[in-house]
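Here the structure comes first, spelled out in structure tokens, and everything after it is commentary.
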Amino acid sequence: MSDSIGTVAGQLWHFLDEHGPQSVTKTCKESGIEMKQLQRAIGWLAKEGKITVISQGRTETLALTTD
């Protein structure tokens, strides 16, 4: 299972790299990643310090961290 989470995390990273910061909902719809897989990938990338989750009201926006 961790292999598939890592694969989806890579897909998410590339999606954000190409499209810039996106809401979680929009990312799910436009990337084709299922919500459960997306949540796991967000956790994976957040733990590695690769993404930031920005909460604004009810909206959560995903953005790649800059080095």
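The values are calculated or read from the model by the stated rules, or taken from the named source; none is laboratory data. All values reported here derive from a predicted model rather than from experimental measurement. Positions of Cβ are generated from backbone atoms using ideal geometry, with glycine treated the same way; all protein chains shown enter the neighbour counts.
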| query | Using beta carbons and a limit of 8 Å, which pairs, at least six apart or on different chains, have the first residue in region 46-67 and of a type in the set (Asp, Glu) and the second one in a strand (DSSP E or B)? | reply | GLU60/SER23; GLU60/VAL53; GLU60/ILE54
| note | Note on region 9-24: residues out of contact with any Ser or Thr (no Cβ under 8 Å at 6 or more places or on another chain) and either surrounded by 16 or more Cβ atoms within 10 Å (Cβ to Cβ) or modelled with pLDDT under 95 (or both) are ALA9, TRP13
| Going by the structure shown, is GLY6 surrounded by 12 or more Cβ atoms within 10 Å (Cβ to Cβ) and modelled with pLDDT under 95? | yes
| Leading residue by the ranking (surrounded by the most Cβ atoms within 10 Å (Cβ to Cβ)) among those in region 29-67 that are acidic (Asp, Glu) and touching a helix residue (DSSP H, G or I) at 6+ places or on another chain (Cβ under 9 Å) | GLU60
| query | When region 16-46 is examined, which residues are found to be touching a Phe, Trp or Tyr at 6+ places or on another chain (Cβ under 8 Å) and assigned to a helix (DSSP H, G or I)? | reply | THR27, GLU30, SER31, LEU45
| message | Based on this model, can you work out whether TRP13 counts as in contact (Cβ under 8 Å) with a residue 40 or more places away in the chain and part of a helix (DSSP H, G or I)? | response | yes
